1. What's the Cα-based Rg to Rh of segment 218-300, Rh via Kirkwood?
2. Counting DSSP beta bridges with both partners in the chain, what percentage is antiparallel, nearest 5?
3. For Val268 and Ala232 in one chain, what is 0.36 nm times their gap in residues minus the Cα-Cα distance, to one decimal in nm?
4. Distance between the C-alpha centers of segment 248-300 and segment 132-192? Whole Å please.
5. Could you work out the percent of alpha carbon pairs in segment 150-300 separated by over 27 Å, rounded to a whole number?
6. In the chain, with Lys and Arg counted as +1 and Asp and Glu as -1 at Cβ, which of these residues, Leu12, Leu176, Ala238, has the Cα nearest the positive end of the dipole, that is, farthest along it?
7. Want the number for Glu87 to Gln181: 0.36 nm per residue separation, take away the alpha-carbon distance, what's left?
8. Pick from Asn34, Asn175, Asn143 the residue whose mean-square fluctuation is largest in a GNM of the chain, springs joining Cα atoms under 10 Å.
Amino acid sequence: MANLSVAQLGGLMVPAVSTFTPSGELDGTAFRRNLAAHVALGMDGVLVGGSSGESALLDDGDRQQLLAWARETVPAGKWLIAGVGSESTRQTIARARDAQAAGADAVLVIAPHYFLKRMSEPALLSHFTAVAEASPLPVLLYNMPAYAHLVLSPAFVHEMARHPNVIGMKDSAGNLPVLSQYLEAQGDGFKVLTGSGGTVVPALELGVSGAILAIALYAGRAVRTMVDTWRAGDREAAVAMQQTLTPLATDIAGAMGPAGIKAAMSLVGLDGGPPRSPLQPVDGDELATVRARLQSAGLI
């Protein structure tokens, strides 16, 4: 994080897909080509190994390789964030150390959730505090109820925000009343980013510092324009753009996950490719929906 500070944690970032060959091996050429395209559209950073990157299907060697390729492609002045969340505190810390070695600037940590009934507030505080203490990189909390099946409480977020090595959070829930409570913890040392493509403009109006958006993987120019339009003060135009883009968030990334995102990327001329097993590519009605949403937004 040599060239970056907490104050710069914001802007518009993308949660990169992990590109695979048909046999399920990493495709480095496609990965780097996608990242170069995202950077060329003016994205302020890249998350590697997030939900859109099929994080649960990556082994630790994959993560290292993807981060190394990303560091070659993402300029030093832009954020490179590594998803390192694991079911084990020990493995999460090990991945944070690996991420530093690969050149990442910060790590994103989703809550453990396999033993969901035992993930009480004290258990989560113990886990995240241990990670924050041991991680050589600054930590971002990751609220992703759709996949973790739990919500980080505002009280938990406020508590963790006090830790000097916890610099922010990504909230992908899209629950604006809860987001407003998270934002009460925002300050010089802690920034809140939205991960919900369907509520970007409302989140900006509430005061988020930035966004990490799956929708920007396949509608990057449109999302960049929407954010810039809002920041320039044209709220009415930004709201209209949000209304156009919301179905692309809810019906593709939201409903179909990485397989839908990859199909959309392929249709707009990027390298989506297949998801990794056991995920299956979208086809039939789902693929038709992806195409229809992109056409209605004028993207293909």
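Coordinate-derived values only; no laboratory data. On a predicted model such as this, the values are computed, not experimentally measured, just so you know. When we count neighbours, we look across all protein chains shown, and the Cβ atoms used for this are built from the backbone with ideal geometry, even at glycine.
1. We get a ratio of 1.03 for segment 218-300.
2. Details: 2 of 30 bridges.
About 5 percent, rounded to the nearest 5.
3. This chain segment gains 10.2 nm when fully extended.
4. Centre-to-centre distance over Cα atoms comes out at 29 Å.
5. Of all Cα-Cα distances in segment 150-300, 30 percent exceed 27 Å.
6. Going by the Cα projections, it comes out as Leu12.
7. 31.2 nm
8. Of Asn34, Asn175, Asn143, the most mobile in the Gaussian network model is Asn175.
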